[in-house]
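Have a look at the structure below, then the notes.
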Amino acid sequence: MKRYISAILIPCLLLQLCGCYSQKGITINDLYQEIDDEITINTYDSTMYILKRNITIEEIIQNPDNNYCIDVDTTLENLILYKKVVTKKVGQSVFTIIDTVQIKKEDVRNIQKKEQDTVNSIALASAIIILSIIILSAVGIAIYGLDFDF
């Protein structure tokens, strides 16, 4: 019985750990509508901005190399990002500053949003389950033979 449980649970665990996420490319015009999710903006000078509304101070402190932005303005000819920066002065507590970053729309290489690809996830899960059933059947036939006497 342990073999059968582990044969099903191990592929399910692998599916959970790997997951099927894809990067969905979005346009600058659709950027403001998609801002509730985490969006990555890459520029041609290799700068990466992460657009996330509900960013915590702890997350900014843990990843100091990332440029976290909390809002965007796409109405002008430039893309205006409101960058959240954490600073600490000697003898004072940690506080945040909202900085404005302007990027020319021509300098934006791509804008991506991570989202789960359900079609690939279902296909991968089905393939794992079918493969597990085939392997378990082959092992069962090899161990017990084709003689099924009840």
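The values are calculated or read from the model by the stated rules, or taken from the named source; none is laboratory data. On a predicted model such as this, the values are computed, not experimentally measured, just so you know. Every residue, glycine among them, receives a Cβ derived from its backbone with ideal geometry; neighbour counts consider all protein chains shown.
Within segment 24-55, being modelled with pLDDT of 85 or more, hydroxyl-bearing (Ser, Thr, Tyr) and on the phi < 0 side of the Ramachandran plot holds for Thr40, Thr43, Tyr44, Thr47, Tyr49.
Being assigned to a strand (DSSP E or B), surrounded by 11 or more Cβ atoms within 10 Å (Cβ to Cβ) and over 19 Å from the mean Cα position of the chain (by Cα), is that true of even one residue in segment 85-92? Yes: segment 85-92 contains one or more residues that are assigned to a strand (DSSP E or B), surrounded by 11 or more Cβ atoms within 10 Å (Cβ to Cβ) and over 19 Å from the mean Cα position of the chain (by Cα). A residue that is charged (D, E, K, R), outside any strand (DSSP E or B), closer than 22 Å to Arg53 by Cα and modelled with pLDDT of 85 or more can be found somewhere in segment 99-106.
Could we say that Ser137 is surrounded by 12 or more Cβ atoms within 10 Å (Cβ to Cβ), among the hydroxyl-bearing types (Ser, Thr, Tyr) and outside any strand (DSSP E or B) here? So Ser137 does not fit the description; no.
Scanning segment 43-65 for residues that are surrounded by fewer than 15 Cβ atoms within 10 Å (Cβ to Cβ), free of Cβ contacts under 8 Å to residues at least 40 places away in the same chain and in a loop (DSSP other than H, G, I, E, B) returns Ser46, Thr47, Arg53, Asn54, Thr56, Asn63, Pro64, Asp65. If the condition is being without any contact (Cβ under 8 Å) to a residue 40 or more places away in the chain and not aliphatic (A, V, I, L, M), then segment 74-93 contributes Thr75, Glu77, Asn78, Tyr82, Lys83, Lys84, Thr87, Lys88, Lys89, Gly91, Gln92, Ser93.
Would you mind stating whether Val72 is closer than 30 Å to Tyr44 by Cα and either under 31 Å from the mean Cα position of the chain (by Cα) or part of a strand (DSSP E or B) (or both)? It is true that Val72 is closer than 30 Å to Tyr44 by Cα and either under 31 Å from the mean Cα position of the chain (by Cα) or part of a strand (DSSP E or B) (or both). Restricting to segment 107-129, and then to whatever is of a type in the set (Ser, Thr, Tyr) and at pLDDT below 75, can you tell me which residue is surrounded by the most Cβ atoms within 10 Å (Cβ to Cβ)? Per the criteria, the residue is Ser121. Only residues that are out of contact with any Phe, Trp or Tyr (no Cβ under 6 Å at 6 or more places or on another chain) and closer than 17 Å to Glu106 by Cβ were counted across segment 36-64, and they come to 7.
Candidates Lys52, Lys114, Lys83, Lys104: the one that is under 30 Å from Leu9 (Cβ atoms) and of a type in the set (D, E, K, R) is Lys114.
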